[in-house]
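Report on one structure; see the data block that follows.
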Amino acid sequence: MDCDKVLVGDCLKHLADLPLESVDLAFADPPFNIGYDYDVYHDKQDRASYLDWSQQWMSAVVRVLKPTGTFWLAIGDEYAAELKILAQESLGLTCRSWVVWYYTFGVNCKRKFSRSHAHLFHFVKDAKNFTFNADEIRVPSARMTTYADSRANPKGRLPDDTWVLRPQDLTAGWNAEEDTWYYPRVAGTFKERQGFHGCQMPERLLERIVRVSSNEGEIVLDPFAGSGTTLAVAKKLYRSYLGFELSPDYVEAIEARLEAIIEGDPPAGPANPRTSAPSTPTKPRRRRTKVPKLFG
Ligand SMILES: C[S@@+](CC[C@H](N)C(=O)[O-])C[C@H]1O[C@@H](n2cnc3c(N)ncnc32)[C@H](O)[C@@H]1O
């Protein structure tokens, strides 16, 4: 398959052009239908249309997944339940984990609590045969770091299914020893921020997903490339990648982002944000396009 590129246009069309069962890992972070201000996509469809469209693109993803393939879906509260049922009951996927990504630096809302989490569903096609590279993503266990317990697995343990992004704010709660995920949302001041897309996901989050659910040389697909985070991480981790994105301007910026990456580069952001803060640029950056606002 022709890989290592991002194509401009509707993912439904591009997915239909891909061979059956050709992709090892698909990661999708679709528009959440919450009125986000994207470049060209209108993120406020009526409920029935959004669900119908979700059904179409998700079944198109399932068609291109290998029998051993994995599909990670990032989704907000509004449609998490509906899309999970759709994936399981209509599309026949198995949900291995329902991960909650907890983050700070969310957008402030005026008349409801500020959004600080997203859902990450880990679906597989075959419940018995899928890639799960546990040793790639282990974290130190409390037995190792706190209790000097000789029973500790020296390789560490798997992370919990709530992923905390700023554990320094939760000193009495989850912390590194409890193996939660904590990578900050890519805030406006972070060096990692590309500056052209308001929904940029942290590379460290995608690093975990790409490492655990695929192997070097395999094909990673992102039908909603956005700022290109999945593709950037896949390239850094020696995977083949393919992305689709509706906005020509975003695609141009993604291509520049990918161009600047050399395979083997480390993912952006601190490996352990509990002990080191994300770096910020030395000079204020000029925005390439306006950063969309979330309507709270
Ligand atoms: C939530 S953003 C993805 C952000 C991405 N995960 C990142 O880290 O940058 C969703 C993206 O899907 C794009 N999009 C919406 N409808 C699409 C479609 N039918 N085909 C391809 N891309 C689409 C939007 O333009 C937007 O950039």
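Out of Val124, Val61, Val139, I need the residue that is in contact with a Lys or Arg (Cβ under 7 Å, 6 or more places away or on another chain) and under 24 Å from Ser22 (Cα atoms). Which one?
Working: Val61 fails: in contact with a Lys or Arg (Cβ under 7 Å, 6 or more places away or on another chain); Val139 fails: under 24 Å from Ser22 (Cα atoms).
From the options Val124, Val61, Val139, the qualifying one is Val124.
What are the residues in the stretch 1-60 that are of a type in the set (D, E, K, R) and in contact with a Phe, Trp or Tyr (Cβ under 9 Å, 6 or more places away or on another chain), if any? Write out each step before concluding.
Going residue by residue through the stretch 1-60, those that are of a type in the set (D, E, K, R) are 2, 4-5, 10, 13, 17, 21, 24, 29, 37, 39, 43-44, 46-47, 52.
Correct list: Asp4, Lys5, Asp10, Lys13, Asp29, Asp37, Asp39, Asp43, Lys44, Arg47.
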Worksheet entry | Close pairs from the stretch 9-34: first modelled with pLDDT under 95, partner near the ligand (Cβ under 10 Å from one of its atoms), Cβ under 8 Å, at least 6 apart | Ile34/Asp43; Ile34/Gly76
Response to the item:
Across (1) modelled with pLDDT under 95; (2) within 14 Å of the ligand (Cβ to nearest atom); (3) not aliphatic (A, V, I, L, M), Trp98 clears everything bar (2)
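When you go through Ala87, Ala16 one by one, which is the residue that is of a type outside the set (Phe, Trp, Tyr), surrounded by fewer than 16 Cβ atoms within 10 Å (Cβ to Cβ) and part of a helix (DSSP H, G or I)? Before you say what the answer is, go through the steps one by one.
Numbers: Ala87 fails: surrounded by fewer than 16 Cβ atoms within 10 Å (Cβ to Cβ).
After applying the criteria, what remains is Ala16.
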Worksheet item: Any idea which residue in the stretch 107-143 is modelled with the lowest pLDDT, counting only those that are farther than 18 Å from Ile34 by Cβ and aliphatic (A, V, I, L, M)?
Response: Ala142
Discussion item. Suppose we keep only residues that are among the hydrophobic types (A, V, I, L, M, F, W, C), within 12 Å of the ligand (Cβ to nearest atom) and part of a helix (DSSP H, G or I) within the stretch 19-57. Which one would you say is surrounded by the fewest Cβ atoms within 10 Å (Cβ to Cβ)?
Written reply: Trp53
Worksheet, complete the sentence: Among strands (runs of 3 or more DSSP E) entirely within the stretch 144-260, at least 3 residues that are modelled with pLDDT of 80 or more and within 27 Å of Leu15 (Cβ to Cβ) occur in 219-222, 240-245
Practice prompt. Filter the stretch 212-226 down to the residues that are under 27 Å from Trp53 (Cα atoms) and surrounded by fewer than 24 Cβ atoms within 10 Å (Cβ to Cβ), then identify the one that is nearest to the chain's Cα centre (by Cα).
Written response: Phe224
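Does the stretch 280-288 include one or more residues that are in a loop (DSSP other than H, G, I, E, B), modelled with pLDDT under 95 and closer than 21 Å to Thr104 by Cα?
Yes: the stretch 280-288 contains one or more residues that are in a loop (DSSP other than H, G, I, E, B), modelled with pLDDT under 95 and closer than 21 Å to Thr104 by Cα.
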Response to the item:
Filtering the stretch 222-246 for residues that are charged (D, E, K, R) and either more than 14 Å from Gln200 (Cβ to Cβ) or more than 9 Å from the ligand (Cβ to nearest atom) (or both) leaves a count of 3
Fill in: Hits in the stretch 15-34 (condition: under 15 Å from Ala234 (Cβ atoms) and aliphatic (A, V, I, L, M))
Val23, Leu25, Ala26, Ala28
Discussion item. Looking only at the stretch 247-264, filter to residues that are in contact with a helix residue (DSSP H, G or I) (Cβ under 8 Å, 6 or more places away or on another chain) and within 12 Å of the ligand (Cβ to nearest atom); which one of those is farthest from Trp57 (Cα to Cα)?
Written reply: Arg257
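The values are calculated or read from the model by the stated rules, or taken from the named source; none is laboratory data. Note that this is a predicted model, so its numbers are computed, not measured. Every residue, glycine among them, receives a Cβ derived from its backbone with ideal geometry; neighbour counts consider all protein chains shown.
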